[in-house]
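This is the structure, below, for whatever I ask next.
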Amino acid sequence: MSGPRVVVIGAGFGGLGAARALRQQGIEDITILERAGAVGGVWRDNTYPGAACDVPSPLYSWSWSLNPGWTHRYSGQAEILAYLERAAGDAGLLDLVHTGQAVAEAAYDDATATWSVRTTDGTTHEADVVVSAVGQLSDPVVPGLPGRDTFAGPAFHSAQWRHDVPLEGARVAVVGTGASAIQFVPAIVDRVGSMTVFQRSAPYVVPKPDTEYRPFHHRTFDRWPAVMRGERGATFHLTELLNRALGGDSVLSTPLLATMRQAWRLHLRRQVADPALRRRLEPDYPIGCKRILFSNDWYPALARDHVEVVTEPVASVEPTGVVTASGARHDADVLIWGTGFAATDFLRTIRVTGREGADLHDVWRDGASAYLGIGVPGFPNLFCVYGPNTNLGGSSIIGMMEAQAGWIAQVVRRVADGGARTVEVRPEVARAYDREMQDRLGDSVWSACDNWYRDGGKITTNWPGLVGEYRDRLAHVDWSALVAS
Ligand SMILES: Cc1cc2nc3c(=O)[nH]c(=O)nc-3n(C[C@H](O)[C@H](O)[C@H](O)COP(=O)(O)OP(=O)(O)OC[C@H]3O[C@@H](n4cnc5c(N)ncnc54)[C@H](O)[C@@H]3O)c2cc1C
């Protein structure tokens, strides 16, 4: 086999999509290292009841493998995982994947211009190019509360759901009210004996425009793929409106977000009769600053007689339950953490050393940044998928990752052609890009409150513009921004 040796880390939508783009550019020597026992990323891990996408499936799918068979506009986890496996299999990508390979270290050798990628079992892979596709939401976080590990009953994170734990009749404590909790709480509420939901910050929850696709739709999509593409396109443009508003576009931001706020207010009023509970469910920050959530059954679940919403901060965990700041004890048999992911700790499980032994985590100590979310000066031929400032508040991440995959594949193609051995971003270009991101993010709605997009004062996860702008910027590599040597 000839051409550059590429190691891709992670086999979710990001890593598999990058491998396909590389293949499209004629790059053959690709090894995908995946720490888990199977492909799928978040869709392999998040098997909690009710898990589903919150961007419509016609858009939350690869452009190169549209699916006429979605059963719902917002598909469930099992269906998305099956789609990912099928599409990756059809594209011949599964043979590239080595499972059970957790990467612990990637080190660049200046002398040979190669990377050594070491896994926790001691295996080393030599590579000319490394593509990190480890995701932003792949490492669950459980807060380090006093007594956290003393809970006597089963305790688990939503991304590590314990399907062996019976919930029938159990007293269940749920910590967190984010995007995962609003899906699994309604899905289990009928089974539990009682439920206490600990809410630190109320989300804005608006109606979910879900619909079932019937055989008629499937036949239509099958026969006339243009109809399917039309639905995808319409969804894309709608989500771009939201992206524009979240990014702080002065014309759109105010009316669109005000309309969504009105929709939220009506939704809450219609679904929750008790004024005291309603007050507890009112967010205290501008809409959009934290992810706007879509659900038709979250508020009704919380309004059930056997459900209590506690807004006092959780102070500690005891063997029998959860204790809040005032010292109130809430007994529970099962404890479920709906506390999200270590989003801002990019590449947290990997020690990455670049030129002259520079440590990537040291470079990122004041908050991660990367040119186009992909490249960091001093780290030649290391490219990130879903890296810093590439997350979205309102649209499909897959579209962003496809743009990254296409850009990376162009660069690797040049390496394969002998036009360069190494490619890395110019430091001044990377600095200017970071300044641009932070200036623009300062105008965005995300700057108006504390949220998981931030690392200290800096928003490191989100892209401030439209997906269309991002795609345009990545469509052709601007070689003047890079050092190709
Ligand atoms: C429950 C949930 C629902 C979501 N819904 C949506 C949605 O509706 N729309 C949307 O746009 N986005 C959604 N997202 C965001 C989602 O993260 C992205 O859409 C997308 O799946 C990210 O793909 P990825 O491949 O970059 O990351 P992941 O899917 O996180 O995959 C990363 C892979 O890398 C592997 N890995 C990590 N570290 C290592 C290591 N050191 N060595 C080897 N392998 C490693 C992981 O095991 C994993 O398989 C959701 C996220 C979650 C958690």
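Would you mind checking the tilt of helix 397-416 against the longest principal axis of the Cα atoms of the chain, expressed as 0 to 90 degrees and rounded to 10?
Roughly 10 degrees between the two axes.
Before I look further, what does the chain give for accessible area per residue, probe 1.4 Å, in whole square angstrom?
Per-residue accessible area for the chain comes out at 41 Å².
At a 1.4 Å probe, what is the % contribution of carbon and sulfur to the accessible area of the chain?
Of the solvent-accessible surface of the chain, carbon and sulfur hold 50 percent.
Could you work out the Rg to Rh ratio of the chain, with Rh taken as the Kirkwood radius (inverse of the mean 1/r over all Cα pairs)?
Radius of gyration over Kirkwood radius for the chain works out to 0.97.
Let me ask something additional. Which whole-number percent is the relative contact order of the range 128-224 (Cα, under 8 Å, 6+ apart)?
22 percent
Mind pulling the angle between the C-alpha long axis of helix 77-90 and the longest principal axis of the chain? Nearest 10 degrees, somewhere in 0 to 90.
20 degrees
Between R365 and D90, what is the spin-label point distance in nm, taking each point 7 Å from the Cα along the Cα→C-beta axis?
4.9 nm
Any idea what angle helix 427-443 forms with the longest principal axis of the chain, computed on alpha-carbon atoms, 0 to 90 degrees, nearest 10?
20 degrees
Now a separate question. Spelling out what I want: for every residue of the range 262-275, take phi, set θ = phi - 60°, compute 6.51 cos²θ - 1.76 cosθ + 1.60 (Karplus), and round to whole Hz; glycine and proline get x.
Once rounded to whole Hz, the list reads 5, 4, 4, 4, 5, 4, 5, 5, 5, 9, 10, 7, 6, x.
Using the per-residue mean of other Cβ atoms lying within 10 Å as a proxy for protection, in what order, highest first, do the peptides 160-170, 16-26 fall?
With the highest mean Cβ count within 10 Å placed first, the list reads 16-26, 160-170.
Pull up all non-local amide H partners of V141: gap of 5 or more, or a different chain, and H-to-H distance under 5 Å with H placed in the peptide plane.
Close amide H contacts, sequence-distant or interchain: G340, F341, A342.
Shifting gears a bit: To the nearest 10 square angstrom, how much accessible area does R261 have with a 1.4 angstrom probe?
Rounded to the nearest 10, the figure is 80 Å².
Give the relative contact order (percent, whole number) for the range 69-177; include only Cα pairs under 8 Å separated by 6+ residues.
After rounding, I find 11 percent.
For a quick protection proxy, order the peptides 196-207, 128-139 by their average other-Cβ count within 10 Å, most packed first.
The packing order, highest mean first, is 128-139, 196-207.
How big is the Kirkwood radius of the range 224-265, worked out from every pair of different alpha carbons and given in Å to one decimal?
Its Kirkwood hydrodynamic radius stands at 11.4 Å.
Sticking with this structure for a sec: Under the definition of Cα pairs under 8 Å and six or more residues apart, what whole-number percent is the relative contact order of the chain?
21 percent
The values are calculated or read from the model by the stated rules, or taken from the named source; none is laboratory data. None of these values were measured; they are calculated from a predicted model. No Cβ is skipped: glycine too gets one built from the backbone with ideal geometry, and neighbour counts run over all protein chains shown. Please note that ligands, DNA and RNA were not included when accessible areas were found on the heavy atoms of the full protein model with its side chains. Shrake-Rupley method; radii C 1.70, N 1.55, O 1.52, S 1.80 Å.
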